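Notes to accompany the following structure.
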Amino acid sequence: MTTDNDQLIIRGLRVSPVAAPDREILQGIDLTVGKGEVHAIMGPNGSGKTTLAYALMGHPGYIVKGGEVTWRGRDVLALSADKRSRLGMFLAFQYPTAIPGLSVASFIRSALNAKLQGIDKNPDIDPTDAIKGGVSMMDFRKKMRAKLALLKMDESFASRYVNEGFSGGEKKRLEMLQMAMLEPSMAILDETDSGLDIDALRVVAEGVNAMLNPELGILLITHYQRLLNYITPDVVHVLAQGRIVKSGGKDLALRLESEGYGPILREAGLATDTPDEALLVPQGPDLGTPAEEHEPAATRA
């Protein structure tokens, strides 16, 4: 039986960028994602997909103008970003940042230990002390090896500096490794397919599929229909002009692939002077060519 504590519940969420507080990018998002469910969000450029991901995780560049978000019985919007993570939420970035001098293993172990303290930071738990609830180095290494094997990643990955010199595919695989190690209960994947060729996309998708379980809910934000060829969503949502305008099953994604966004926007009563050719759903770049080279940065949502 599903309860509210098992669902990420978003009601009337309105969000503006700090740089333009009077311009609402999200204009009333209503969405419910339960554990064990995969919800895909698709939408034209500028519809607010990445804004939704960042707002849910407390990015300081955005202002919540109204609405509510609850997860596991807590008011998410009242929590700092680190507390949202301790509550079991996870964000995989579209463009991960490099951290020179910090190894992948040290980075993930620090994050894992911080999460062990819990949202209210239990004073009886000292994450640096294995006797007081922390993870011993031996147990950490054992878990890291197991997750690297699960994701088909070489063990040398753990000793590299975070994202320094990484290819686009390696950066996204590191996001998946973090997710595997931290074991969130609600994962938000912000355009994980961005910047990947077909082979890298398949590897990342296999990593996501390997982690699917009844205790994990996933909000999968994607610009390209091709990702849904590898990760099957339970529900597909179309985000346009700051609102969810239509929801459906995998058949909705297939309709978008064949018709583009134009017909659905018109059905929702949204006026658009954009030609249908510009509202087609991108299938992704050619093999071996990063997506960023095909899509100007200024147009990405």
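The values are calculated or read from the model by the stated rules, or taken from the named source; none is laboratory data. Worth saying up front: this structure is predicted, and the values here are computed from it rather than measured. FYI the Cβ positions are ideal-geometry reconstructions off the backbone, even for glycines, and counts take in every protein chain you see. For the accessible areas, the whole protein counts, side chains as well, though only heavy atoms, and no ligand, DNA or RNA atoms are used. Shrake-Rupley method; radii C 1.70, N 1.55, O 1.52, S 1.80 Å.
Things to note:
- Residue identified as at pLDDT below 90, assigned to a loop (DSSP other than H, G, I, E, B) and not basic (Lys, Arg) among Ile131, Ile119: Ile119
The rows are residues; the columns are (1) among the hydroxyl-bearing types (Ser, Thr, Tyr); (2) over 27 Å from Glu164 (Cβ atoms); (3) more than 17 Å from the chain's Cα centre (by Cα).
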site	(1), (2), (3)
Ala53	no, no, no
Gly67	no, yes, yes
Gly73	no, yes, yes
Asp82	no, no, no
Ala98	no, no, yes
Ser106	yes, no, yes
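- Only one of the listed residues (Pro214, Pro123) is touching a residue at least 24 places away in the same chain (Cβ under 8 Å) and not small (Gly, Ala, Ser). That residue is Pro214.
- Residue check for Ile29: outside any loop (DSSP other than H, G, I, E, B) and either open to solvent by 60 Å² or more (accessible area, probe 1.4 Å) or under 22 Å from Met181 (Cβ atoms) (or both): no
- Single condition Asn213 does not satisfy, out of (1) under 28 Å from Glu24 (Cβ atoms); (2) modelled with pLDDT of 85 or more: (1)
- Residues of the stretch 249-262 that turn out to be touching a residue at least 12 places away in the same chain (Cβ under 8 Å) and either in a loop (DSSP other than H, G, I, E, B) or surrounded by fewer than 14 Cβ atoms within 10 Å (Cβ to Cβ) (or both), as a count: 3
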